[in-house]
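The values are calculated or read from the model by the stated rules, or taken from the named source; none is laboratory data. Since we're looking at a predicted model, the values are computed, not measured. Ideal geometry is used to build each Cβ from the backbone, glycine not excepted, and the neighbour counts take in all protein chains shown. These area figures cover heavy atoms from the full protein model, side chains too; ligands, DNA and RNA do not enter into them. Shrake-Rupley method; radii C 1.70, N 1.55, O 1.52, S 1.80 Å.
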Amino acid sequence: MIKLRNVSFSYGENEVLKNVSFETGDGKSLVIMGPSGSGKSTILRLLLGLESPHEGEVLINGDNICTMSEAQKRETRKKMGMVFQDGALFDSLTVGENVGYYLIEHTKMKFDLIGEKVEEMLGFVGLGGDNVIDKLPEQLSGGMQRRVAIARALLSTDPKLMLFDEPTTGLDPFATRNVLNLIRKVNSEKGIATIVVTHQIADAIEIADKYVILHEGQVAFDGGLDELRDCSDERLKNFLEPFRESFRLVLGKNFVDC
Ligand SMILES: Nc1ncnc2c1ncn2[C@@H]1O[C@H](COP(=O)(O)OP(=O)(O)OP(=O)(O)O)[C@@H](O)[C@H]1O
Ligand SMILES: [Mg+2]
């Protein structure tokens, strides 16, 4: 469904991605990890067609997003939901207006029906009670705002793929758990493929079918957990070293004993 083939990309002189290739399928959950500045968010921008690679191809269901017209790109983006790190909610709109924004602005759907859909979606993300629907974003915690952002992305279009850029950064363990459970639920109950960028390996282990780890703009690892545990790539060992304890706790054993 999503395939990057030999993608290279630079911001000016700064070569950010070098010959990056990986793919993920319908309904799958891919996690992208890597140190700060390794090009993770840039990959999400390429997938959305907001940037074009200088070399290589970004294929969405077999179609190269780089050669699409703006209209085709818009149609393709409708199949993708993006949740930005800060949630990017509209401060002056209520939670309900935020979640229903796309339907209010871009469809002729009756107001009552939009209200029903908003309520249903807030229920799905676990914010059905406490009149959350009428609150302003500033009245909510960071974790709740993140969940509102996910509800808005789910209701904006009919996504087949959701992209999350560091969805748990800045959240406490309880809020982190809620957001991770929600991402898993989006994947398992709605059958939506997910691509999640995270620095938190403990988070990644909870949601990923497959991992792509970047190092200085190159793919240092692409595979499942068993392969990750057995991997002996020096770059990867260095990157994973700080997470040794998380691995041990989650898996009950060390990640690389090679
Ligand atoms: N709009 C931009 N213009 C110029 N350079 C940029 C731009 N966006 C990112 N970069 C540079 O590209 C490189 C990769 O950035 P990117 O945001 O993809 O990294 P990242 O892996 O998401 O990092 P982080 O974990 O800190 O979010 C960095 O060196 C960054 O400074
Ligand atoms: Mg980033």
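Things to note:
- Within a Gaussian network of the chain (alpha carbon springs, distance under 10 Å), most fluctuating of 123, 12, 100: 12
- Beta bridges from DSSP with both residues in segment 150-248: antiparallel share about 50 percent, rounded to the nearest 5.
- Note on residue 88 and residue 158: the extension gain reaches 23.3 nm, defined as 0.36 nm multiplied by sequence separation minus the Cα-Cα distance.
- Here's the picture: charge each Lys and Arg Cβ at +1 and each Asp and Glu Cβ at -1 in segment 74-135, and of 113, 93, 76 the one pushed furthest to the positive end of that dipole is 76.
- What you get for segment 1-118, charging only the Cβ of Lys and Arg (+1) and of Asp and Glu (-1), is a dipole of about 280 debye around the Cα centre.
- For residue 210, the residues whose modelled amide H falls within less than 5 Å of its own, excluding neighbours fewer than 5 places apart on the same chain, are 29, 31.
- Pairs from 3/135; 40/190; 73/135 whose Cα-Cα separation, in the structure shown, is over 30 Å: 3/135; 73/135
- Accessible area per residue in Å² at 1.4 Å probe, computed on the chain: 49 Å²
- With all pairs of different C-alpha atoms in the average, the Kirkwood value for the hydrodynamic radius of segment 96-138 is 10.6 Å.
- Largest mean-square fluctuation among 136, 113, 44, in a Gaussian network model of the chain whose springs join Cα atoms under 10 Å apart, belongs to 113.
- Take the convex hull of the alpha carbons in the chain; its mean projected area over all directions comes to 14.5 nm².
- Descending by average beta-carbon neighbour count within 10 Å, the peptides 16-25, 58-67 line up as 16-25, 58-67, the highest first.
- Take every pair of alpha-carbon atoms less than 8 Å apart whose residues are at least six positions apart; their mean separation over the length of the chain yields a relative contact order of 25 percent.
- Segment 1-120: mean projected area of Cα convex hull, nm²: 9.6 nm²
- DSSP assigns beta bridges within the chain; of those with both partners inside it, close to 55 percent run antiparallel.
- Candidates 193, 202, 149, ranked by Gaussian network fluctuation over the chain, Cα under 10 Å, top entry: 202
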